[in-house]
Structures are given as C-alpha cells and as structure tokens.
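Encoded as structure tokens, the structure appears first; notes follow it.
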Amino acid sequence: MTIKNIILVLVSVCFFNTALAQSAALKKANKYYGVQAYSQAIPLYEKVYKKDSSNKLILSNLGDCYRLTNNTNGQLKCYGGLVKYGKAEFVHKLYYGQALMQSGNTTDAKKYFEEYTLDSRGKNLASYTEKYKFYYKNADAYKVELSNFNSNQNDFCAVNFYNTVVFSSSRNKTAWINKKHGWTNDSYLTLYTTEKNEKGKDLKPTLFMNDLKSKYNDGPISFTKDYQTVFFTRNNSNSKQISKDGNYKLKILSATLNKNGFDRVTVLPFNNNNYNCAHPCISGDGNTLYFASDMEGGQGGMDIYVTKKGADGTWGKPVNLGNKVNTAGTEVFPFMANNGLLYFSSNGHDGMGGLDIYETKIKDDKAGRVYNMGEPVNSKNDDFGVYLGEDNKIGYLSSNRKSGGMDDDIYSFQILREVKRGKEIIIITKDKDSGELLPNTKVKINGEEITTNEKAEFQTVIEEDLNYNLIVEKDDYFILKDSVSTNTDPAESFTKNLILEKDLKLSLLAFVTDAKTNQALEAVKINVKELPSNAAFDSYTTTAAGDYRKPLTGKKIGDKISYLITLQKEGYLEKTVTFIYDIKKPGEININESLDLKLGKVAVGMDLAKMIDIKPIYFDLGKSLIRKDAATELDKIVKVMKEYPNMYIELGAHTDCRGAAAANTKLSGARAKASAGYIIKNGIDKTRIVGKGYGESKLLNGCVCEGKIKPTCSEDEHSKNRRTEFIITKLK
C-alpha cells in the first residue's frame, strides 16, 4: 500500500470515528431533551452544532433548550439559523421574534410576529409597537426596587407570612448538598424565609419549616388570610408517579398549621401524573383557588384555572379561565388581590418581551379585559410572581431583568396611585348648528359627573367590554342622552363628540276667558293629552290671570305638535279642542291665535254652538238626512244636555239668502227637526229640545238677495248665515 493510500485510509478512519462520536453525542442529547434535562442536553447539542450548524433538528432542539433555560443569545443563534437556512417553521419564527424582542430589536421582531398566523400570539405580540406608549403612561404609578435578600441563584415568588417573608429559592442549602435540576442545572427549589431586624434591615434567609421540605422542588406558596392553611407546588417524587413522557410533574399540595408547624400535607384531588399543576393562589375567603396547568382542554401551553371549594370542603373540577386570559402561549403565576384584580404572567398577550405581568378584573367568576401593566412592572425579560398585601398597595414581584437567563430575583413592589384600565376616551362637547365648542359642560358617565375643560374636552379611561350611558347638561341646551362602548372602536384611544342642540325656549301659551265678558277666568282646569297616543301631557288650574304656560322640553324647529285640550270650570260648559301646530320659529306658541278658548257660562239665551265649539252642521244639497260628520257635532250637544238635565234648547237652522225664501224656510225646518230628532233618539227627552227652521229670516249680515236684489257678498259672508244655533231657552 502506498503512502498516499495509507493517508487516505487514516483520514477515512478519522472521519468515521468523528461521525460516530457526533452520532453518539446527538443521540445522548436527544435523550436528555426528551426527558426535559435541557441543561445537560445543551453542551452535547453545542458539540454537534460546531460540526453541522445548518442541521434543522439540532438548531430546533438546541434553540428550545436555550429558550427553556432563558438564553436569549442562544435562541438568536439557533432560531435565527433556521430562518437563515429557510428551515424555520411558523413556531420558530415566533420564538425568533420573541428572542429579538428580548434583545431589544423590536422592529425585526414585529416582522416575524406578523408572519406567525397559527394563533393569536403573533398578532398580539406584533401590536407591541402600536401599544408601546401605553406601556409607559402609568410608569409613575409603580415603584419597583431590588430586594436585599436575593442570592446568586433563583429567588422568586415572595409572600407574607405574619411578619416574615417566605419565598422559593434554588440557593445551595449547604456546601456539601447541592442536588441539581436537569432542566436548569440549578439546585432544586426550597422554601426560605426572612424578616427585618429592629433597624429595618433584611436578615439572612433561613429554611422555612422543615416539615414542608422535600428532596425536589417546593414552591411557590400561598397562605390563607389567617395563615392557618398553605398551598404550595411540589414535584412528584415517587417512581410510581412518573408521567407517560417519563417526567415527574408538578402538583399542588395543601397543609395546615398547628403548634408544631405544618402537617396534614395533602395532594389536591385534581392533580394528575400526566400534567402539571402549579403556582397556587388562594382567594381571601379561602374558597377559590387559582393555579396554572397544562392539562388537556386548555388554550395551549400552561393556562390559568380556577377551582371552588364545596360545602363539604372538597375542591371541585377545575375550570379554565377562558380565552380572555389564556392564549396558545404560557400563562402562569396567578395572584388574586383583595380588590378582585387577578394578576398573572404570560408570553402570549401583547408584551414587552419574555413573560409580562398582566391584570384583569374578575367579576362573577369571569375575567374582563386583560391589561399589560407596563413599565416598570414589566421589562424585556421575564416578569412574574406578583404578590400584594391586604392593602393592595405593597408587595413583591419577581424578574430576571437584572442579568437575564435563569437569574430570577425578588423585587419590592408598590402601587403609588390607582391606575384606571381601559381605553382612553376624549369627550368633546359642541353646538349642533354652529359647531362651536361648548366648554364647562356637565357630562354624567354611568352616573359619575365630570365637566369639560375650557377647550370643551375631557379625557378619561373607560373599561373595555362595557357600555356607558352618557347624560349631557348645559344651560340653554337640551339635555342629551347618549352612550359609548369601547367595543365599537379597535383603537387604544378614541374621541366621542357630543353634539348639543340649543334650547329655543319653546312653550305653549294660552288665555282662558269668559265668552260673554271676555274677562280672564280663574280656577279653570286644563288637561292636555298628546295625540295620537292620548298620553297625559299636562294638567293645570288657572290663576286670576287666566293664563297657561308650558315649556315644550325636547321640541325643536320642524317638529309637529298635536294636543287634545279640555277646559273645565264649575258653572261653565266644558270645552274640548284639538290643537295641531308646525313649529317654525322659537319662542312662545299662542294657542289663542288659532283656537277659541272662551268658556260660556251656562245661562238662558246662550248659544251652545259657540260655547262648546260646535262645527257647522252640514247636509247634502237639498236634503235633511244627518251625515256622519254632522252626527259627531250633535253628539257634543247630547253630552252637554246629559250633564245638565234641567237644560232646555231651541235648535234653530238658518240658511243664506240664495234660493226662494219659502223653500229655504221649508228646508231649514226639515233639517232642524232631523237634528232635534237625532238628539232625542240618543237619550234626550223630546220635551227638552225643539227644532225650528228660520230659513233666511235671520241673516247675520246684509247679504240679502230676494226679488230684484242681486247679492254682492262673498262666499265667506254667505257661509256665516248658514248656521245651526242651540239656544238655551230654560234652566229649571
């Protein structure tokens, strides 16, 4: 064999051995990856990555390992490599966008978020640039400071226990006991406690109650209001409790406090070996438990669930809190404050990077709109684990913002002022006709009164998914009733113009007088009904001035009004009139200009036709049959005569001068008798009414036309002579 061939053989053997080594490393890395030992898989994947940096499986799995151990630069390398080589799936683009976001490159991040369309996460996260200013608008409402009792390992989820603080930590218990977690290559979580000395300085943390300690992860933890019961997270540790995928899942346990510490440690019934239940938070009344789980039937990843304690003390079936809170991403670390606000962390809603903290109002066990709490509560890194004391103002939160990666720290957290959540709305008040701005206008929003400023504006925040009733009041303008809903506008802020119409001071004016003396009548009862509904509009009794005034609230130029007006006074005949009017100008509407509002006193010699506004009694040409319209008027006479049973009437029918005098007398007599007969037929004694025809013998004007005299009168003058009179002849 030649030297050249020997060299080729040696090189081939070298490559073969290298390939074998790579294959073994990849196989082992995949094994660690499969059991979620990500920290142990990373160096093996990195080894094979150096030899094959474009391999999709290596880039995908190593990227996941970096993501699940919070290594942003590693994610950029791997997910970015998948994008670069055209091997990225939709979810890789989403993860790449999240890594870009955490690195501060929000512009490129948005591009990849927009390319992710499998669920709402892409759209939610892409909205970051539009919502950026809203993440900072309430920055002055919060104070966040690094606590003094953190270690170089993970410390998070601090809560109060009497006058001490309890939290989860992976700090080493001793120099010679240092069990490592395969996921993070960090020590297992243990519960620690600290308190302040008399100078207010945090003392060195110590282990919290050994009876809650296990050899695996313990915490986070949640206490009931009286601190007598505790709920906490723990790993399965029994080999019989391993899941189908070969992992020990997280479970939620409870324990009760006695004089020696906590005992009666109990696994809650909804736990399962095949999914995680973690991060419990018990409500103030101790009857509702919130927690995170990846059980089947969720929105994706970890979701927030709620379970209720029954009357027998057992916990009910957990209920997913719904898609307002939960997304296809991860929702974890719920905390229910005493004021009904639920805080939780998510990487599926719009955010600033990593896990962000959100809040939502829980009402009737349902979540409302979800709001990102913004700076300084959130950062481009992971932010989670909110806790507030009973005052809902002071507590803790957790974040890895200091160093990133797996370095979680506890921060003191203080809410300095109330933060209104919702959409910003600018209310502007204007005049309808001129468009002029109307400053200092009162607006009631669901009963809460505000006033527009000198620019006729008022800016506030209204909660989303609710309808708001608006009542607007300003002098010399009509009251405006309106409403507004944030559901109608997708923007984070919008403007509501409230257009007010000037009150033109429209009102009804009337004067009631005596028909004979024309003097004002006092004590006249006026009842007004709206037509055609006959709904009561107003009632009034006149003073000595005999006048009536009524503002027409809400009426405008161009409106048509229609009223039925009844006038009543003792000793006078009741009168009912119909008033119809088209409003054409502002000011008072004088009813007397179109209607006779005189009341006739019941006395011998008075003509009822004038007293109760009887319209002319019409007959067909040359006939004396009672027409329907004539019957309507005669019914009014029947009504009066029934009201005054001692009244006697002469019904006189008159004609104009046209036609032969004898014929007119005969025709008018027939018509008078027919009219009287109608009244008698409708219940009036025949002795009380007499019908008499006068023909043209009692003309009211000089319209004479007998013999050679030719009339020069107008039709209107002739019509005044054609009349029916109802003269009171006797009152017994």
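Listing for the model above:
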| quantity | calculated |
| --- | --- |
| Top-ranked residue of the range 351-367 - restricted to ones that are part of a loop (DSSP other than H, G, I, E, B) and in contact (Cβ under 8 Å) with a residue 12 or more places away in the chain, ranked as nearest to the chain's Cα centre (by Cα) | 365 |
| Condition check for residue 39: modelled with pLDDT under 90, surrounded by 15 or more Cβ atoms within 10 Å (Cβ to Cβ) and assigned to a helix (DSSP H, G or I) | yes |
| Subset of the range 666-699 (residues that are part of a helix (DSSP H, G or I) and either more than 23 Å from residue 645 (Cβ to Cβ) or outside the structural domain of residue 713 (by TED's automatic domain parsing) (or both)) | 666, 667, 668, 669, 670, 671, 674 |
| Any hit, the range 625-647, residues being farther than 24 Å from residue 580 by Cα and among the small types (Gly, Ala, Ser) | no |
| Close pairs from the range 422-441: first free of Cβ contacts under 8 Å to residues at least 60 places away in the same chain and assigned by TED's automatic domain parsing to the domain that holds residue 493, partner assigned to a loop (DSSP other than H, G, I, E, B) and among the β-branched types (Val, Ile, Thr), Cβ under 8 Å, at least 6 apart | 439/452; 440/452; 441/452 |
| Filtered residues of the range 408-432 (kept if among the β-branched types (Val, Ile, Thr), more than 30 Å from residue 454 (Cα to Cα) and in contact with a Lys or Arg (Cβ under 6 Å, 6 or more places away or on another chain)) | 415 |
| Subset of the range 589-609 that is among the charged types (D, E, K, R) and surrounded by 15 or more Cβ atoms within 10 Å (Cβ to Cβ) - its residue that is farthest from the chain's Cα centre (by Cα) | 607 |
| Test: residue in the range 488-502 that is within 30 Å of residue 445 (Cβ to Cβ), without any contact (Cβ under 8 Å) to a residue 40 or more places away in the chain and assigned by TED's automatic domain parsing to the domain that holds residue 431 | yes |
| Flag if residue 676 is within 60 Å of the chain's Cα centre (by Cα) and either closer than 16 Å to residue 723 by Cα or loosely packed, with under 13 Cβ neighbours inside 10 Å (or both) | no |
| Filter pass, residue 318 being more than 29 Å from the chain's Cα centre (by Cα) and at pLDDT 95 or above | no |
| Any hit, the range 462-485, residues being of a type in the set (Lys, Arg), buried (at least 18 other Cβ atoms within 10 Å of the Cβ) and at pLDDT 90 or above | yes |
| Lone qualifier among 348, 405 - being assigned to a loop (DSSP other than H, G, I, E, B), closer than 18 Å to residue 98 by Cβ, in contact with a Lys or Arg (Cβ under 6 Å, 6 or more places away or on another chain) and touching a residue at least 12 places away in the same chain (Cβ under 8 Å) | 348 |
| Count of the range 294-315 residues which are part of a strand (DSSP E or B) and either within 30 Å of the chain's Cα centre (by Cα) or not assigned by TED's automatic domain parsing to the domain that holds residue 362 (or both) | 6 |
| Hits in the range 283-297 - residues which are closer than 29 Å to residue 118 by Cβ and surrounded by fewer than 20 Cβ atoms within 10 Å (Cβ to Cβ) | 294, 295, 296, 297 |
| Some residue of the range 559-577 being surrounded by fewer than 16 Cβ atoms within 10 Å (Cβ to Cβ) and of a type in the set (Phe, Trp, Tyr) | no |
| Residues located in the range 623-643, provided they are more than 60 Å from the chain's Cα centre (by Cα), loosely packed, with under 14 Cβ neighbours inside 10 Å and at pLDDT below 90 | 623, 625, 627 |
| Qualifying residues in the range 368-394 (those that are touching a residue at least 60 places away in the same chain (Cβ under 8 Å) and not in a loop (DSSP other than H, G, I, E, B)) - the one surrounded by the most Cβ atoms within 10 Å (Cβ to Cβ) | 385 |
| Complete set of residues in the range 72-91 that are of a type in the set (A, V, I, L, M, F, W, C) and either in the same structural domain as residue 329 (by TED's automatic domain parsing) or not in a loop (DSSP other than H, G, I, E, B) (or both) | 76, 78, 82, 83, 90, 91 |
| Residue 615 vs. criteria within 60 Å of the chain's Cα centre (by Cα) and not in a helix (DSSP H, G or I) | yes |
| Residue check, residue 653 part of a loop (DSSP other than H, G, I, E, B) and either touching a residue at least 60 places away in the same chain (Cβ under 8 Å) or touching a Lys or Arg at 6+ places or on another chain (Cβ under 8 Å) (or both) | no |
| Evaluation of residue 379 against (1) at pLDDT 90 or above; (2) small (Gly, Ala, Ser); (3) under 24 Å from the mean Cα position of the chain (by Cα) (one fails), failing number | (3) |
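This table checks each residue for (1) in contact (Cβ under 8 Å) with a residue 12 or more places away in the chain; (2) farther than 22 Å from residue 36 by Cβ; (3) small (Gly, Ala, Ser); (4) surrounded by fewer than 18 Cβ atoms within 10 Å (Cβ to Cβ).
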| residue | (1), (2), (3), (4) |
| --- | --- |
| 253 | yes, no, no, no |
| 266 | yes, yes, no, yes |
| 281 | yes, yes, no, no |
| 301 | yes, no, yes, no |
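Per-residue answers, yes or no, for (1) hydrophobic (A, V, I, L, M, F, W, C); (2) surrounded by 16 or more Cβ atoms within 10 Å (Cβ to Cβ):
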residue	(1), (2)
411	no, yes
417	no, no
425	yes, yes
428	yes, yes
437	yes, no
445	yes, yes
494	yes, no
503	no, yes
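Residue-wise test of (1) of a type in the set (Phe, Trp, Tyr); (2) surrounded by fewer than 23 Cβ atoms within 10 Å (Cβ to Cβ).
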position	(1), (2)
270	yes, yes
314	no, yes
317	no, yes
329	no, no
362	no, yes
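The values are calculated or read from the model by the stated rules, or taken from the named source; none is laboratory data. Quantities reported herein were computed from a predicted structural model and do not represent experimental measurements. A quick note on method: Cβ atoms are made from the backbone with ideal geometry, for glycine too, and the neighbour counts reach across all protein chains shown.
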